[in-house]
Amino acid sequence: MTRKWTADELLEKVRGFQAACVITAGADLDLFTALGSTPMTAEGLAKRITADPRATAVLLDALAALELLVKRGDLYEVPAGIAALLTADSPVNVLAGVRHQGNCLRRWDQLARVVQTGRPARREPSIRGQAGDCESFISAMNSFSGPMVVQIVERLSPLRFQRMLDIGGASGTWTIAFLRAVPEVTAVLFDLPEVMPLARERLARAGLADRVSFVAGDFYTDALPGGADFAWLSAIAHQNSREQNRVLYRKIYSALVAGGSLVIRDVVMDASKTQPVAGALFAVNMLVGTEGGGTFTFDEFAQDLTSAGFTDVDLVHQGQAMDSLIRARKS
């Protein structure tokens, strides 16, 4: 049945950007961390974060109206629950995820032009700069993946492999998960050179660096390290066109030993490409952010994997977000 919208409901949807902009600006300015230790006036905070006093006051009042800050007289303070989520020294903060969404927001703002031209949005760095945005992206991917790690590993159990190839492994979230699940195996983490220091640091903190080989490279231009019997491709396929994925799948096929398997974690759409809703919206995120990325159906995945030589392509799990799993084998 078609939903009946009222004008107020529709406009309320459209106004959703306002709160998002207020929150991501606060995160980019790191004002929650600055306020976390002691309440401050707008003028005092503006000096601390090197900002305009009047503009700072307007932003702080908006954050207080959204109940993300508490205002007492001229003083602003961060409630304990928000401090845990948005101050840099909290071990459970989601600052990186919020900042990453702010970067996405700047691209989504150009959606109409992207649709008109067929070209991705112009990238505009945040006030934290390109390096800061890259760090936010890597950390955000770790934060987004963390809550699903246990379930994903369980869905793939029993795990039987000797050497894992983590393609685009970023800071090592999934390498850590699989090495902990199967204590006797080793792994190769493959990603861009600039990502390697963060990956080495995290694997060392986890006490697993001695079981990992770190190989720097670009899977678009370089061959993948060989010798693995299990390849893991997590949240990568959606950034590519189907043609790019076919090339990548062929590289993975060549890198795997005979009898090895590939598992893809990504969004898997239904035949209409309208469900799950999160997947349809994520396709827009890829439209504004990449040359040819998107979200794909299982049939599309299966066709592309088969064309690369894989057999026994199986939908292990279909979820509502970036938690669907596809397994394929090299005969």
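Residues whose amide H comes within less than 5 Å of that of VAL188, counting only those at least five positions distant or on another chain, are MET164, LEU165, ASP166, SER213 (H built at 1.01 Å from N in the peptide plane).
Quick one: what do you get for the range 147-329 if you divide its Cα Rg by 2.2 N^0.38 Å?
Working: Rg = 15.6 Å, N = 183, 2.2 N^0.38 = 15.9 Å.
Computed over Cα atoms of the range 147-329, the ratio equals 0.98.
At a 10 angstrom cut-off on C-beta neighbours, averaged per residue, how do the peptides 51-64, 20-33 rank from highest to lowest?
20-33, 51-64
Rounded to the nearest 500, the helix-only mean residue ellipticity at 222 nm of the chain stands at -14000 deg cm²/dmol, with each DSSP H run of n ≥ 4 adding -39,500 (n - 2.57). Seen against the Cα atoms of the chain and their longest principal axis, helix 298-307 is set at about 40 degrees. Each Lys and Arg Cβ is given +1 and each Asp and Glu Cβ -1; about its Cα centre, the range 1-85 then shows a dipole of about 160 debye. Rounded to whole Å, the principal axis extents of the Cα atoms in the chain read 70, 52, 33, largest first. Sequentially through the range 240-247, phi angles give Karplus couplings (6.51, -1.76, 1.60; θ = phi - 60°) of 10, 6, 4, 5, 5, 5, 4, 5 Hz, Gly and Pro residues having no value and appearing as x.
Listed values for the range 282-287 are Karplus-derived 3J(HN,Hα) couplings in whole Hz (6.51 cos²θ - 1.76 cosθ + 1.60, θ = phi - 60°), namely 5, 4, 5, 4, 6, 4, and x replaces Gly and Pro.
For the range 112-125, the Karplus equation 6.51 cos²θ - 1.76 cosθ + 1.60, evaluated at θ = phi - 60°, returns couplings of 4, 5, 4, 5, 5, 9, x, 10, x, 5, 5, 8, 10, x Hz by residue, with Gly and Pro reported as x.
The Cα-based radius of gyration of the range 191-239, divided by its Kirkwood radius, gives an Rg/Rh of 0.97. Ordering of 214-223, 309-318, 37-46 by packing is 37-46, 309-318, 214-223, highest average first (other Cβ atoms within 10 Å, averaged per residue). Using the average count of surrounding beta-carbon atoms within 10 Å as a protection proxy, the listed peptides 114-126, 89-101 rank, highest first, as 89-101, 114-126.
Taking 29 Å as the straight-line reach from the Cα of LYS4, the lysines in range (excluding those fewer than 8 positions away in the same chain) are LYS13, LYS273.
Read-outs: derived from the displayed coordinates by stated rules, not from any lab. All values reported here derive from a predicted model rather than from experimental measurement. Neighbour counts run over all protein chains shown; Cβ positions are idealised from the backbone, glycine included.
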